[in-house]
Structure formats: structure tokens, C-alpha cells
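The next block holds one structure in the form of C-alpha cells; read it before the comments.
What follows draws every value from the coordinates through simple rules; no lab data is involved. Everything numeric in this text was worked out from a predicted model, so none of it was measured. So basically every Cβ, Gly included, is an ideal-geometry build from the backbone, and we count neighbours across all protein chains shown.
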């Protein structure tokens, strides 16, 4: 199972230029307004790209040169909307039954009942979408899609309509369901935890373009690009100058670092994760001035500047567990492997 | 007492509101999809009957279906006559009440979640199925409100109707033209009786509409 697409669409003030090939579960990760959902809508046939092609398992869904543009009805691609888009005038049973094309009433009924049981919707099968919980609505929407046996499923921010305390449970449920699904899955999210939990591969989307695509775990370990580092949650990002292959200069810190690894000349930022900083035993360690201490439920978020750091530059974030003493921190440092070297994109 | 005006008014309002129901629904649906400029122009044209004086509407309809004008003459040759005929009342009432249905459906469609249509398409449902089984049921309240308003307006239509079909107490008289005719002929009693008739029917329609809306509100509030 695999898919590939290369599409362009001009929205006037916004340009969508996406070029992706992947298989398995892919997360499209990016800030809101970056073009993730638009990409998904193009795959489903809800929006028509100006040019390019979309292919799923070798089947062409769209090709502007060959003038192919299958209507959504013929694409056999399941789409789960952010709001789940259950039909309000039909109950759970009817909603699920709509996704299944089968003339024989007995076979159809059996299949719908099987699906309802599989998704644990027995108790609500006669209820209408307004009467069921967010989790039940999500399961209904998934059952409605999967009953039609689509070649691919597209999930548009599947957890954004849910309360925070429900999310983890449903994310795990979703992971379980997706693990039994044969086709490819594209998950659109702006939440790095969701992407990390659910997808084998992640593609970072920024300003309507795909920045980088890689194995999810690899990408979080080494984002390589500025936008990828930001969306992966890296708090401390500073512009640098590459002096030579092993020396960089962090302008805001007014510090030169000598690294063992080779630094490409197109590296223009470094990132250091807030939890990577430590008080001792680090290669690059400098005295600090604490600016502010914020208390979060289970951690402290400390903002500081290095001595000699430019006053108008951004504070550095340091995150540490609450059981640690934080009153007498005088220095903080990081190792070479804590440094993310980032290209500007 | 001659009850023909009551019967005639009801059948005219009934047929007119049926026509307006489907026409308003389809036009509201298709105009909404038009490019912005065309949509703006069509919106103005389709809403005009609401703000034009009914006599002007009536005159426009005479220009269209009057026997001295090309289209009306053509209709005459195939035996269809609207001018000075009760069937013309349907046209007059439909013309004048159309904007009420159109506007109400437009409003209902604005509130309709477009994602339901896209969801239907990705599930393989035909556009016809989506329109009648998903869009229509989910804007039902707007459709009913529009229908009732159009019916009430059609029932009370006077200006365009009197221009187009005149007054013949056994052939074209409606409640409103009867009231006007009786008043003009110093028959205060008849005018009063028909006035009361009209008030009762219109009030009944509004009561039904309110009951329906209350009923719906209670249903929607009910969570199991």
C-alpha cells in the first residue's frame, strides 16, 4: 500500500505546493493555516488542485495532464471530518449503514450489526448524533468509513472536538483500530503528541509546502528544519553564523561553540530543547540570570538569560521536574548532542 | 352566502405555495453556488417582488401573460389563459410570495454544515440522494417556515391579483378582492365578514407555525 501526490493550487493569497510519497500511517503536522487540511481535501476530491497528480496504490485519482479527476464518490477514500459530519437526521445505525453499498438487505444488516458491535456502539445504535458523546460520535464516524472498506483513510484533526481528558483514551483506541487497517492512513494534526503516537511517518507542512518527511521518531529526534523544530515543540531556537566546518557563533548569546561534527554552511539556526538543559556535567555550560519562574502542573518552566546574552534577545526556557530544587541554580548547560542544527525552512 | 372567494383563495394559495416551495428551494440552492457577482445580481432580482408595489408586480405579469403580449398570446393559442382567470391568481400569488420562501431557505442553507455534503460524497452517495435525504431533512424547519409564510402571503395577496385576474364573484374572486369590492360598493357587512374570515385564517396559520416551532425546540432540547 502506498500513495503519492504532487499538487499545486493557487488560493490567491495562499499557495499550496505539496509533494509527498508515503505508505502506512502518515501524519501531516503543521500549524493551523499551513495547508494540511487543504491537502487532505484534495486527496478526497473535495477541492480540485490546479495541477499535479494524486495516486493511491497505483490508481490515479487526479492527473491534470491526463485530465483525470475522479469525483469523491469514485475515489474510495474515507474521510473523517474534524466535526465527524454525522448526518443529524439519521441515527447511529443509519449513519453507519449509509457507508456500505450492498443490495442484499440481510447481508447489509448483518455487516452493520457486526460493525456496531466491533465499535461498541450497541447501546447508542438507535440514538441520534446530538444524543451521543464525542467519543461515540468519533467511533460512529470511523465505523461509517471503514464499513465501506476504503483504500485509504484520511483523518482531519480527529481529536480536536474532544475534551482533553478523553483524548488519551481515544488516541489509544484509534491506534488500536488503525493497527488492524490494511490501507494507508493520512492524519492531519497540529498536535505533536498525536503525530508521535499514531503515525509511522511524519511530514511537516508549513506555509502550504511540505518541509520534510521522515520516520516520525527520527524526525522528532532530529528535526533538521526550523519549522519542524518549532512544531515538534522545541522552545529555544536561535540564529547562528557558521564560522567554519566545526565552529558556530550564536549571535544572541555572544558565544562561539566548537563542535565535533561537521556543520553545513546552510545551517542558520540551532535549537535546544527546554528539558535537555542541565545544571552540571555538560560540555557547554555558562552562568545564568533567572528572569522568571512559572509553575506548571508537574514541572517548573524557568526563563533565563546567559550572562553576556543580548538583552533584546529571547529568554531561554528550561523545564524541570517539580521535585527538584530550583532556588540556587547558577549555571545551565547542554551537550553537543542536545543541539539541533536547523536549516531555514 | 357565496363561499366561492374562500375556496378560490385557498386553492390559489395552496398551488402558489407549492410552486414557490420547490422553486424557492431549488433557486436558493443553486444561486448559493454561483460566483459572487452573479449571486448578488440574482439575489436582487429574486427579492424584488418583496419590495415592489404589488400593482407593479401585477402589471409586470400582465406584460408577460396578458393576451395582448407575445407570450400571453402564444399561451392563448394553445388554450392556456391566466389573464382574468383564477389560474392567473396562482401566478400573481406565487410571484409575490416567492421572496419569502427564497430568503428563508437561503438563511437555512447558510446555517447548513457543508461538510455533511462532502462527507456524503466521500461515502459514495449520489448528489441527488445527498440533496433530498441529507440537505432537505436538515433544513426542514426553514422549509416549513418558508412554506407557511409564503402560504400566508399568497392568501392575503391583493394588488397583483386584482390587476391580473380582476374581480368576478363566481370566477376569480378571492377573499381580499371581495373585501375591496364590497367596500367600494358600500357593502360594509360583507366586507366585515370576509375581513374576519381572513383574520381567523391568518391567525390560525401563525398559531400552527408557533406550535410547530415550540415543538421542535423541545425536541432538540431533549437529551437522553
### Query
Taking the stretch B:136-188 as the region of interest, what is the percent of Cα-Cα pairs per 5 angstrom bin, listed from the shortest bin to the one with the maximum distance?
4, 19, 19, 17, 12, 8, 9, 6, 3, 2, 0
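May I ask for the percentage of alpha-carbon pairs in the stretch A:150-236 that lie more than 19 Å from each other? Intermediate results must be reported in sequence, preceding the final value.
Values: 1521 of 3741 pairs.
Across the stretch A:150-236, Cα pairs with separations above 19 Å total 41 percent.
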### Message
Ranking request for peptides B:68-74, A:113-119: highest mean number of other beta-carbon atoms within 10 Å first, then the rest in descending order.
### Response
A:113-119, B:68-74
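Taking the Cβ of each residue in B:34, A:203, B:57 as the centre, tally the other Cβ atoms inside 10 Å and list the residues starting with the fewest.
Numbers: B:34 13, A:203 27, B:57 22.
Fewest to most other Cβ atoms nearby, the residues stand as B:34, B:57, A:203.
Mean separation of Cα pairs under 8 Å and 6+ residues apart, divided by the residue count of the stretch B:4-221: what relative contact order is that in percent? Walk me through the intermediate numbers first.
Numbers: 267 pairs, mean separation 65.1, N = 218.
30 percent.
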#### Entry: Whole-Å distance, taken between Cα centres, linking the stretch A:55-79 and the stretch B:117-154
29
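Dividing the convex hull volume of the Cα atoms of the stretch A:183-229 by its residue count, what figure in Å³ per residue is obtained? Write down the numbers at each step before the final one.
On the way: hull volume 3.6 nm³, N = 47.
Convex hull of Cα atoms, per residue: 77 Å³.
Treat the count of other C-beta atoms within 10 Å as a stand-in for reagent exposure and order A:268, A:133 from fewest to most. Present the calculation step by step, with values, prior to reporting the outcome.
Values: A:268 16, A:133 12.
Going from least to most buried by this count: A:133, A:268.
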### Query
Looking only at other chains, what is the average number of their beta-carbon atoms within 10 angstrom of each beta-carbon in A:77-85?
4
### Summary
Rg/Rh over Cα atoms for the protein assembly as shown, Kirkwood Rh, comes to 1.15
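Once Rh is set to the Kirkwood radius over Cα pairs, what Stokes-Einstein translational diffusion coefficient, in µm²/s, holds for the stretch A:197-253 at a temperature of 10 °C and a viscosity of 1.306 mPa s?
The diffusion coefficient I find is 124 µm²/s.
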#### Entry: Shielding by partners, peptide A:46-58 (average Cβ within 10 angstrom, other chains)
1
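Given C-alpha coordinates of the stretch A:236-343, what is the ratio Rg to Rh with the Kirkwood estimate of Rh? Show your work: numbers first, answer last.
Working: Rg = 14.0 Å, Rh = 14.4 Å.
Radius of gyration relative to Kirkwood radius: 0.97.
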### Ellipsoid semi-axes in whole angstrom, largest first, where each is sqrt(5λ) of the Cα gyration tensor of chain B
35, 24, 14
### Residues A:313, A:34, A:206, sorted so that the one with the fewest Cβ neighbours within 10 Å comes first
A:313, A:206, A:34
### Query
Which whole-angstrom value gives the distance between the alpha carbon centres of the stretch B:4-47 and the stretch A:164-189?
47
### Summary
Mean per-residue count of partner chain Cβ within 10 Å for B:120-131 equals 6
### Task
Return the calculated 222 nm mean residue ellipticity for chain B, to the nearest 500 deg cm²/dmol, obtained by summing -39500 (n - 2.57) across DSSP H runs with n ≥ 4 and dividing by the residue count.
-24500 deg cm²/dmol
